[in-house]
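Novice: Once you've had a glance at the structure underneath, I'll fire off some questions.
The values are calculated or read from the model by the stated rules, or taken from the named source; none is laboratory data. A quick note: this is a predicted structure, and the numbers were derived from the prediction, not measured. Neighbour counts are summed over all protein chains in view; Cβ atoms, including those assigned to glycine, are modelled from backbone coordinates with ideal geometry. What goes into the accessible areas is simple: the full protein's heavy atoms, side chains included, and nothing from ligands, DNA or RNA. Shrake-Rupley method; radii C 1.70, N 1.55, O 1.52, S 1.80 Å.
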Amino acid sequence: LGQPMADEHHDGNGGGGGTTLTYLEFYSGIGGWTLALEKACRDVATNANTNANTNTSCDAVANIDCRGEGEEAAAATAAPTSTPISVRRLASYDHSDLCNAVFAHNFVPSDTSTHDGGAGTKSPAGKRHKKKKQKRNTPAAAASATTRRRPPPPPASLPTYPIERLAAADLAALRADVWAMSPPCQPHTRQHDHHGSEEELNDPRSKSFLHLIELMYELGPNSASSTHDGNCGGGKGNDLLPSIILLENVVGFEASASCQKYKSALLDNGYVYAELHLNPTQVGIPNDRPRYYCCAVKDTERGKDEGGDVTGGVALRQLMDMFQNSGGDGSSTPPASHVHTSMPSLGVAEPGSPDIVSTLPNISSYLDGDLPPLAKDASSINTDKLDKMQIAKKTIEKSAAWCFDIVTQDDARSACFTSSYGKYVKGTGSVVYYGSDNSIANDSS
């Protein structure tokens, strides 16, 4: 990731020689992947600056210890080989009006103008009404299905747009370096017992992800379509798929029929991939939210370490050893999942290891200073905010209140939050006790 990918990706600002990775965020929600990619770039830049200050040549991966077993980090008088990188979002897609509004608030400048008047200036309902009116006034025989299809919005507008309506031509025109996605998890959660079956393929919530898999074949090097037909852009010798695809979902997704199709598409289109189960606690966040991650890279990128195009290093080789392909038999059938639960090369230890437990910050690091227990006195409490956040007395007095997962400011753990947080008691996330008797948090009665 620290190496220049192509001339057109250089920022052109002069002096820095930086590299910009373009990306698409599918199921963008409130922008989790955008934040993650931006933080990854900051970590790479920090690592590069550290190496420059210490005159040490290191892998172009954040926080990597370059020393392998029996090896010492080689001192180098030359400048570090890592190149500072940044990311630029080309587009984001989500079906939720609320998520799009939050995403636009966080990431889209309010003065950005678009073909429809700018972000948030027109309601999605108004756009749908306008679309229906145009459809009624357009003779059905005068337009094909392709011309009737509403084109995807520009990045700044963020109106609701179904992923399953994206065409290969839309993605081919963007030509992103990275795809990042978090497909709907509902068909694969613990409430469903059909992991690995065909049943979840028919779940309406799987439709958009299966459509993206189809688009991978249309954009890939083995596509039978021509690059000049105006519909896709793939084809032999003209691979328009990204160099990197990142996917996140619930634990168990890796055994689903949808994921098997996805991994087959990766193999068919020249990717290798690594599968991981990781928890925020492993990267210093006191919240238990285990998730499945799949990182896929083009196999041509994987071999650069051995070919000399990328400064090597044991750490980078250890990372790439996590990636698997079809097992060398030429089959596109995914091998049995080998899910990693740590990344020693990046300092990510196994869950529950003493090093992790001892370094997790307390919950107090994440609490607001104008709410108890951090507020110094009653006069410094934001009462309006407290009224909105405080659990109602009638809820506490319910028989189900024993299900509350209670934490205090001194705890270094919290439970996974769900969309039902604040509405239901059991299994929706932790609540903070801010009284003076901390023993109550562990009182089973």
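Novice: Looking at (1) of a type in the set (A, V, I, L, M); (2) open to solvent by less than 70 Å² (accessible area, probe 1.4 Å); (3) farther than 25 Å from GLY252 by Cα, find the lone condition where ALA349 falls short.
Specialist: Unmet condition: (3).
Novice: Another one. Are there any pairs, at least 6 apart or on different chains, whose C-beta atoms fall under 7 Å, with the first in region 162-182 and free of Cβ contacts under 8 Å to residues at least 40 places away in the same chain and the second surrounded by 18 or more Cβ atoms within 10 Å (Cβ to Cβ) and of a type outside the set (S, T, N, Q), and if so, which?
Specialist: ASP170/PRO152
Novice: I'm trying to understand the selection: among the residues of region 406-423, which are free of Cβ contacts under 8 Å to residues at least 60 places away in the same chain and more than 27 Å from the chain's Cα centre (by Cα)?
Specialist: Step one: filter region 406-423 for residues free of Cβ contacts under 8 Å to residues at least 60 places away in the same chain, giving 406-410, 418-423.
Matches in region 406-423: ILE406, VAL407, THR408, GLN409, ASP410.
Novice: Given the condition out of contact with any strand residue (DSSP E or B) (no Cβ under 7 Å at 6 or more places or on another chain), of a type in the set (S, T, N, Q) and open to solvent by less than 50 Å² (accessible area, probe 1.4 Å), answer yes or no: does some residue in region 334-343 qualify?
Specialist: no
Novice: Inspect region 396-413 for any residue being within 30 Å of PRO351 (Cβ to Cβ), open to solvent by 50 Å² or more (accessible area, probe 1.4 Å), among the hydrophobic types (A, V, I, L, M, F, W, C) and assigned to a loop (DSSP other than H, G, I, E, B) and give the result as yes or no.
Specialist: No, that holds for no residue.
Novice: Just to check your reading of the model, which residue among ASP370, ASP377 is among the charged types (D, E, K, R), over 30 Å from ASN47 (Cβ atoms) and surrounded by 14 or more Cβ atoms within 10 Å (Cβ to Cβ)?
Specialist: ASP370
Novice: Could you run through region 155-196 and say how many residues are of a type in the set (Gly, Ala, Ser), under 21 Å from GLU248 (Cα atoms) and at pLDDT below 70?
Specialist: Residues flagged as of a type in the set (Gly, Ala, Ser), under 21 Å from GLU248 (Cα atoms) and at pLDDT below 70 within region 155-196 amount to 1.
Novice: Here is a list of conditions, (1) without any contact (Cβ under 8 Å) to a residue 12 or more places away in the chain; (2) farther than 28 Å from GLY284 by Cα, and LYS376 meets all of them except one; can you say which number that is?
Specialist: (2)
Novice: Would you list the helices (runs of 4 or more DSSP H) that sit entirely within region 253-333 and hold 3 or more residues that are at pLDDT 90 or above and either surrounded by fewer than 17 Cβ atoms within 10 Å (Cβ to Cβ) or not acidic (Asp, Glu) (or both)?
Specialist: 257-268
Novice: Shifting gears a bit: Name every residue in region 365-395 that is more than 22 Å from SER414 (Cα to Cα) and not in a helix (DSSP H, G or I), in order of residue number.
Specialist: Listed by number, the residues that qualify are LYS376, ASP377, ILE381, ASN382.
Novice: While we're here: Return yes when ASN362 is at pLDDT 90 or above, within 22 Å of LEU278 (Cβ to Cβ) and not acidic (Asp, Glu) and no when it is not. Break it down into steps so the answer makes sense when it comes.
Specialist: Numbers: at pLDDT 90 or above: yes; within 22 Å of LEU278 (Cβ to Cβ): yes; not acidic (Asp, Glu): yes.
Taking the combined requirement at face value, the residue satisfies it.
Novice: Would you check if GLY220 is closer than 29 Å to HIS277 by Cα, at pLDDT 90 or above and over 21 Å from the mean Cα position of the chain (by Cα)?
Specialist: For GLY220, the condition - closer than 29 Å to HIS277 by Cα, at pLDDT 90 or above and over 21 Å from the mean Cα position of the chain (by Cα) - is met.
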